[in-house]
Amino acid sequence: MGQLIEQKRTEVKKHVATIHCSNSLGLLQRKISNALLFHAYPELQKKEEHEITVKQLCNIIGYNGNNHAVIKEALKSLISVVLEWNLIDEESGEEDWSASAIIASARIKGSKCTYAYSPRMRSLLFSPTMYGKINLIVQSRFKSSYGLALYENCVRYKNLPHTRWFELDSFRKLMGVTEDTYPIFRDFKKRVIDKSVEEVNMYSDMIVLPEVNRAGRKVVSIRFKLKEREKKKMLGVNLIDRGGENYSIIETALALQLKNKFVLSNKQLKSIFDEYSEEFIVQKLTIIESSKDYLSGKIRNLSGYLLAALKGDYQLPKSSSELMHDSRKEVEEKENIEKQKKLKEEEHRQRYSDYVTVQFNKVLSEMDSKQLQGLQTAFEENLVSQNNMVVLQKYRKDGLSSKIVKIFFQIFIKEFYSDVLKNIMGFEDYINNL
């Protein structure tokens, strides 16, 4: 049947050192880098080399071409690009500097691609203390390297209201823009920022909005406000490789009804669910199934009739409105289930937030006074560098006794000194232990 990308595993955890790095990777190279890590991750520490078919690799990145020379050139680029990163030892304060190529080697023989990571890169990638989750289905939609680069640099802040402030020179490097390319900010904004924001907002599950910080008239830093895109209720897509093509299998009762009763193809199913809400589809099904032509068996092409009903927004005659009752009741029941599920999730998140607060306070109380003072000094310097005067003034007045300061301090520790919180369970582990 080929390679199955399960719904629960469409994301690859990518260390921030490999996201927040300056490089000139193009769109194809970025996609391939993430796809190779996704494929290798389950056995990253067990195997020296990993194997994937060229067809599988192309399916994962959404590449429909047959020019394998392009794939080879992209792999060569990943070998030539060197990443470097600094990690700080929390106890000694010593700098731990490392450097490595993204992949150490690659080989294509026949239909198979074999590749390997350096030991240093394997260690970094397998046990990331700080990471962003890159959704490979989302990744495959991007059309430019700028859009994908912005998505990668925003996604690790997904549950926060905004990213950190990026100094403009650093942000240019993160986006793969050289110093002599678009040196005037208005050109950089038009060609890079606006284009990448448009793609992230169009193709990803986030809405981003840029904010700039100026020193006089000069833009010196940039950050992005983040908002989660409202999800359609019925989408639950698995990708499956069949003969080199990607099919979308939407595993809901409604989808199965459309597939079995109305003989819709997988491609038609995806198109319908992308364009119409579940309630709208159910409404048109009810109209069709209550019509005289349907009941008398006169409709010969059910799939074509349904597509026409959706596109033409066929309406139920007022005299037959009572036929909508059962359908409406079913929709309401589904909405109630979703509502209860959402309330339960909110309850879990509140309990987890309380747990993190308690554990964080415990960590601080048990921390060596010298280490705590060092963290507070770094926190204050960060507030100054971010020009966060409201929190800075509150901190200088009330210290960590202020609730709002404690929240920002916790975010700061999580972002820059995550090893301090290594014994605090993640959300999923906490829920599984309830």
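Read-outs throughout are calculated quantities, based only on the coordinates presented, and are distinct from any laboratory measurement. Keep in mind that what you see is a predicted model, and the values were worked out from it rather than measured. Cβ coordinates were reconstructed from backbone atoms using ideal geometry, including for glycine residues, and neighbour counts include every protein chain displayed.
Structural remarks
- With a Förster radius of 22 Å applied to the beta-carbon distance between residue 205 and residue 430, the computed FRET efficiency rounds to 0.40.
- Protection proxy ranking of 265-273, 212-220 - average other beta-carbon atoms within 10 Å, highest first: 265-273, 212-220
- Here the spin labels are modelled as points 7 Å beyond Cα on the Cα-Cβ line, and at residue 111 and residue 369 they lie 6.9 nm apart.
- Positive minus negative residues near residue 351 (Lys, Arg vs Asp, Glu; Cβ under 13 Å): -2
- In terms of the mean number of neighbouring beta-carbon atoms within 10 Å, the peptides 99-106, 146-153 order highest first as 146-153, 99-106.
- Taking Cβ atoms as reference points and 9 Å as the exclusive limit, the residues near residue 161 contribute a net charge of +2, counting Lys and Arg as +1 and Asp and Glu as -1.
- Treating each Cα of segment 334-432 as one equal point scatterer and applying the Debye formula with no solvent, the log10 of I(q)/I(0) at q = 0.12, 0.21, 0.25 Å⁻¹ comes out as -0.49, -1.09, -1.35.
- Between segment 140-156 and segment 161-205, the Cα center-to-center distance that results, in Å: 11
- Between residue 414 and residue 400, the modelled labels are 1.7 nm apart [label points 7 Å from Cα along Cα→Cβ].
- Residues 55, 261, arranged from fewest to most other Cβ atoms within 10 angstrom of their Cβ, appear as 261, 55.
- Computed extension length for residue 215-residue 186: 8.9 nm, one decimal, from 0.36 nm per residue of separation with the Cα-Cα distance subtracted.
- The number of Lys pairs in segment 252-316 with C-alpha atoms less than 16 Å apart, excluding pairs fewer than 8 positions apart on the same chain, is 8.
- Fewest-first ranking of 76, 397, 334, using other Cβ atoms within 10 Å as the exposure measure: 397, 76, 334
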